[in-house]
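A.B. asks: If you scroll down you'll find the structure; I have some questions about it.
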Amino acid sequence: MKLYEYMAKDIFRKHGIPVPEGYVIERPDEIRPFEGEIVLKSQVLIGGRGKAGGIKFASSMDEAKKVAEQLLGMDIKGYKVKKLLIEPKIKILKEYYMSIIVDRSSREAMLIASAEGGVEIESVPDEKIFKRTINPLIGVQPNVVRALGYFLGLDKEQTKGIGKFVYALWDAFTKMDADLAEINPLVLTPEGFMAADAKFIINDDSMFRHRDIELVEEEYTPLEREAREKGIAFVQLDGNIGVIANGAGLTMATLDVLSLYGGKAGTFLDLGGTDDPEKVSQAFGIIGEAPIDVVFLNIFGGITKCDTVAKGVVQAIEKKPLKVPIVARIKGVNEEEGKEILKNAGISAFSTLEDAAKEAVKQGGGA
């Protein structure tokens, strides 16, 4: 689950990471009296808000209220601004980047850092990025901190300071079951290092351990929320082909094959190992509400039986007919029975993924 910046900073604060003293408002009249200059930061679950005009400064109460009125309700890449984080302006001497992520290839966490802070890390040349995997059994070791300080060109005292950040960030990352903990920029101020910004993603499957964390509904579309309530793994994408498959790996492979033949998925719906006709029916009910031009059903019958899934599909479209065609690839246990059931319902059924993908792309208006 993605967290807003103010929520991520609360986690950082609790784990000993210095952050600016700020507060959240939902109305302009909630701004507190201040001296000097403040920054008003739109709270949205998307990057690039600064370039989109979602971060502004103010040096008086009148100016701050006018800026708040401009920002609240603003649309930033499809996200409506409902809250602002108010913080004092920081005196910045230097900006850095730091994050800890789950590295899927090494199956360990990875510390990433760069002296090029305040920009997207993807735009930084690889030779300017420090990367080091962290063994989860032993955590961050002193030699990693020394190597980081040397790479960033820090002196002895600065290396000690950034080392405290690395240890604290690792503590937050592990104790909060994070997939990502990012500080961009991590700034050097006259008082030392501070997290000027914060991004934090908690693994969805661990949320039962973090009941005190406020659920962020804006992360999900209405259809995604409905699917979650029904226990269905569903993600809306920006294509026009609605993908349903059984198993996350098979679903991702389906997306790749569609892309290979010029198509673009509009949904990612994983049925998992179920062949329960009611669950299949619920899945089709959800996907039928998505803005797509064709449904691509990809079923491999191992534990799941092809004919049972096919019955669920027919049951679903009889209950609530889809407005778009269905193309199916069905392979495995009771494959022929499943194909027959689908064909009798007017659904194109194929044995190979390639043939089915080409037909789905064609039906969707692609190549």
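A.B. asks: For Cα pairs less than 8 Å apart in space and 6+ apart in sequence, what is the mean separation divided by the residue count of segment 20-174, i.e. the relative contact order in percent?
C.D. replies: Worked out over segment 20-174, it gives 18 percent.
A.B. asks: By a straight-distance test (C-alpha under 16 Å), which lysines pair with K94 as possible cross-link partners, with residues fewer than eight away in the same chain excluded?
C.D. replies: Within the straight-line limit of under 16 Å, K94 reaches these lysines: K128.
A.B. asks: Quick one: angle between helix 248-260 and the longest Cα principal axis of the chain, in degrees between 0 and 90, rounded to 10, please.
C.D. replies: That helix lies at roughly 80 degrees to the long axis.
A.B. asks: Please return the longest range in the chain lying between exposed loop sites, taking trypsin sites (Lys or Arg not before Pro), DSSP loop only, at most 11 other beta-carbon atoms within 10 Å, and leaving the sites out.
C.D. replies: Values: sites that count: K51, K91, R104, R107, R211, K323.
Longest stretch, sites excluded: 212-322.
A.B. asks: Next up: Given axes a ≥ b ≥ c from the Cα gyration tensor, I'd like to know whether segment 103-198 is rounded (a/c under 1.5), prolate (a/b larger than b/c) or oblate. Provide the component values of the computation, followed by the final result.
C.D. replies: Values: a/c = 1.37, a/b = 1.23, b/c = 1.11.
It comes out rounded by the Cα gyration axes.
A.B. asks: Report D for segment 221-363 in µm² per second (integer): Stokes-Einstein, Kirkwood Rh on Cα pairs, 25 °C, 0.890 mPa s.
C.D. replies: Answer, rounded: 170 µm²/s.
A.B. asks: Still on this structure, I have one more. Give a quick list of GluC sites (Glu not before Pro) in segment 16-51 that DSSP marks as loop, anything other than H, G, I, E or B, with at most 14 other Cβ atoms within 10 Å.
C.D. replies: Filter output for segment 16-51: E21, E26, E35, E37.
A.B. asks: Checking the a/c ratio against 1.5 first, then a/b against b/c, what shape does the Cα gyration tensor give for segment 320-367?
C.D. replies: Judged from the Cα gyration tensor, segment 320-367 comes out oblate (a/c at least 1.5, b/c at or above a/b).
A.B. asks: Now for a separate question. Relative to the present Cα-Cα distance, how much length would full extension add between H210 and D177 at 0.36 nm per residue of separation?
C.D. replies: Stretched fully, the H210-D177 segment lengthens by 11.0 nm.
A.B. asks: What is the spin-label model distance, in nm, from V102 to K362 if the labels are put 7 Å beyond Cα along the C-beta direction?
C.D. replies: 4.0
A.B. asks: So how tilted is helix 306-319 from the main axis of the chain? Cα-based, degrees 0 to 90, rounded to 10.
C.D. replies: Long axis of 306-319 versus the principal axis of the chain: about 90 degrees.
A.B. asks: Beyond a 19 Å Cα-Cα separation, which of these cross-linked pairs lie in this structure: K311/K339; K9/K66; K305/K331?
C.D. replies: Violating the 19 Å limit, Cα to Cα: K9/K66.
A.B. asks: Quick check on segment 172-298: take the gyration tensor over C-alpha atoms, sort the square-rooted eigenvalues as a ≥ b ≥ c, and tell me if it's rounded (a/c under 1.5), prolate or oblate.
C.D. replies: Prolate, because a/c is 1.5 or more and a/b exceeds b/c.
A.B. asks: What's the angle, to the nearest 10 degrees (0 to 90), between helix 142-152's Cα axis and the longest principal axis of the chain?
C.D. replies: Result, in degrees: 80.
A.B. asks: Take the chain, connect every pair of alpha-carbon atoms lying under 10 Å apart with a spring to form a Gaussian network, then pick out the residue of G36, G73, G263 with the largest mean-square fluctuation.
C.D. replies: The residue that fluctuates most here is G36.
A.B. asks: Using a 10 angstrom cutoff on alpha carbons, build the Gaussian network for the chain and name the most mobile of G117, G332, G161.
C.D. replies: Of G117, G332, G161, the Gaussian network model singles out G332 as fluctuating most.
A.B. asks: Suppose every K and R has +1 on its Cβ and every D and E has -1 on its Cβ; what is the size of the dipole of the chain about the Cα centre, in Debye to the nearest 20?
C.D. replies: 360
A.B. asks: How high is the relative contact order of the chain, in percent, with contacts defined as C-alpha pairs under 8 Å that are six or more residues apart?
C.D. replies: Values: 726 pairs, mean separation 46.9, N = 367.
The value is 13 percent.
A.B. asks: Just tell me the longest site-free run in the chain, where the sites are chymotrypsin sites (Phe, Trp or Tyr not before Pro) in a DSSP loop having at most 16 other beta-carbon atoms within 10 Å.
C.D. replies: Result for the longest clean stretch: 35-260.
Where a number appears in this text, it was derived from the coordinates with a stated rule and is not lab data. What you see is a predicted model, and the numbers here were worked out from it, not measured in a lab. Glycine gets a Cβ as well: all are built from the backbone with ideal geometry, and neighbour counts include every protein chain shown.
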